[in-house]
Amino acid sequence: MHYGRLRLQSRYLLSPLAGFTTLPFRRIVRRIGSVGLATTDLVNARALLARSERTMQMVESHPEDRPFAVQIFGSEPSVMADAARLLVELGVDSIDINMGCPVNRIAGAGAGAGLMCSTSSTVSLVQHVVEAVPVPVTVKMRLGWDAHNLTAPFFAREFEQVGIAAVAIHGRTREQGFSGSVSLPGIRAVVQAVQRIPVVGNGDVRNVADAARMLRETGCHAVSIGRAALANPWIFRQLVQWEETGQFAPAGTFDERLELMLCQYQFLAERYGPERAIVLFRKMAHWYLKGMRVRRKLRGDFQSASTITELQTLLDQIRSEGPVDGNRSGILTDAEIPVPKGPNAQW
Ligand SMILES: Cc1cc2nc3c(=O)[nH]c(=O)nc-3n(C[C@H](O)[C@H](O)[C@H](O)COP(=O)(O)O)c2cc1C
């Protein structure tokens, strides 16, 4: 699997999930292995050029987190191109242009999903970015604005002409949000529209069987996985094992998941200090502990812990109690990762 000249270790990629696919999470998924490429949350191209502290944190990486892409959004070709150049100076391996973000502030200003509404200026913006940098540039988009405007095949074909290295398609329309199911024929239409570049299929892949179906029915070259990677960070390794041997090992156990949690917390603590890390870790811990079937009261207590001692005591308790059903080696449930609410629901 290649993005232009960039060779990817596998064709299973981590999809950006704003607020979740942060560097500490990416590092633990990488440690488990077999991730072809991971992408940061979307980053405002202007804020990047202003080198705002928060934005610079979002584009931080680590030697374990390679190859990695930064996803940028914006509507001005020169700003997007300058942001891409800056990212190359910072050492990113690939740049992804967001064409899916529906937030009014962004889409209304012609960026994110708004780019799907204007054709020639969008193709020209993408071309600007491609020509500004030596690294591969990719685009992530939905099938189109709504069922009457399925523009992804058109855009994919145009983008290929201006030198894009790959397109990732979430197989729903913007109007659909996260409702209904992913249209595999819709993704297939994009695969058929391009000549050489890889198409990355995305949406609702929760396990090996879903990925196999996505590959088989769409003919896509790679698959990107978002929510399921949070519920099961072993999914990339399972997919590569399945591809190589036809079989795959089960996802990690309760105790392995606890180890991963601690590891992720440690990465945060190294970067932000132990106490701030507790606050930053709450959101992830909530979903992890739920998936691990930890008793509700303990999960609640974890959310209000604010000191290292409290955290340690709770972790000891969680470790000794195990999951509510007592089955420590049981397969973890598919955690229901919340989809963005309100205007954010159409990534
Ligand atoms: C909480 C959340 C945050 C997301 N953030 C982004 C983002 O920053 N950029 C983007 O292109 N897509 C974003 N998405 C969309 C995902 O990358 C992906 O396309 C979508 O979740 C479908 O894939 P999945 O079913 O494997 O999760 C987000 C989705 C969720 C649920």
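Before moving on, here are some points about what is shown:
- Identity of the residue in the range 304-347, surrounded by fewer than 11 Cβ atoms within 10 Å (Cβ to Cβ) and not small (Gly, Ala, Ser), that ends up modelled with the lowest pLDDT: Lys341
- Residue-level analysis places Ala147 outside the set of residues that are free of Cβ contacts under 8 Å to residues at least 60 places away in the same chain, away from the ligand (no atom under 12 Å from the Cβ), touching a Phe, Trp or Tyr at 6+ places or on another chain (Cβ under 8 Å) and over 29 Å from Arg66 (Cα atoms).
- Checked against (1) buried (at least 16 other Cβ atoms within 10 Å of the Cβ); (2) over 16 Å from the mean Cα position of the chain (by Cα), Gln57 meets all criteria but (1).
- Residue within the range 222-233 that is modelled with pLDDT under 95, buried (at least 17 other Cβ atoms within 10 Å of the Cβ) and more than 12 Å from the ligand (Cβ to nearest atom) present: yes
- Residue list for the range 166-198, restricted to those being among the aliphatic types (A, V, I, L, M) and more than 16 Å from the ligand (Cβ to nearest atom): Ala189, Val191, Ala193, Val194, Ile197
- Residues that are β-branched (Val, Ile, Thr) and either more than 16 Å from the ligand (Cβ to nearest atom) or more than 22 Å from Ala211 (Cβ to Cβ) (or both), drawn from the range 1-43: Thr22, Ile28, Ile32, Thr40, Val43
- Pairs, first on the phi > 0 side of the Ramachandran plot in the range 207-221, second among the charged types (D, E, K, R), C-beta under 9 Å, six or more apart: Gly219/Arg188
- Pair list, Cβ under 7 Å, 6 or more apart: the range 233-259 residue over 14 Å from Ser10 (Cβ atoms), other residue assigned to a helix (DSSP H, G or I) and basic (Lys, Arg): Leu258/Arg319
- Ala81 of a type in the set (A, V, I, L, M), away from the ligand (no atom under 16 Å from the Cβ), over 11 Å from the mean Cα position of the chain (by Cα) and farther than 22 Å from Arg196 by Cα: yes
- Looking only at residues of the range 212-221 that are crowded, with 23+ Cβ neighbours inside 10 Å and in a helix (DSSP H, G or I), we find that the one that is farthest from the ligand (Cβ to nearest atom) is Thr218.
- Helices (runs of 4 or more DSSP H) fully within the range 1-120 that include at least 1 residues being not assigned by TED's automatic domain parsing to the domain that holds Ala165 and not basic (Lys, Arg): none found.
- Number of positions in the range 127-184 that are farther than 30 Å from Val88 by Cβ, of a type in the set (Val, Ile, Thr) and in contact with a Ser or Thr (Cβ under 9 Å, 6 or more places away or on another chain): 1
- Residue match in the range 191-202 (condition: assigned by TED's automatic domain parsing to the domain that holds Glu243, free of Cβ contacts under 8 Å to residues at least 12 places away in the same chain and of a type in the set (A, V, I, L, M, F, W, C)): no
- Yes/no for Ser61 being more than 14 Å from the ligand (Cβ to nearest atom), among the small types (Gly, Ala, Ser), farther than 17 Å from Thr138 by Cα and touching a strand residue (DSSP E or B) at 6+ places or on another chain (Cβ under 7 Å): yes
- Consider the range 29-51 and keep the residues that are at pLDDT 95 or above and hydroxyl-bearing (Ser, Thr, Tyr). The one that is farthest from Val92 (Cα to Cα) is Ser34.
The values are calculated or read from the model by the stated rules, or taken from the named source; none is laboratory data. Owing to the predicted nature of the structure, the values given are computational and were not obtained by experimental measurement. We place every Cβ from the backbone using ideal geometry, glycine too, and count neighbours over all the protein chains shown.
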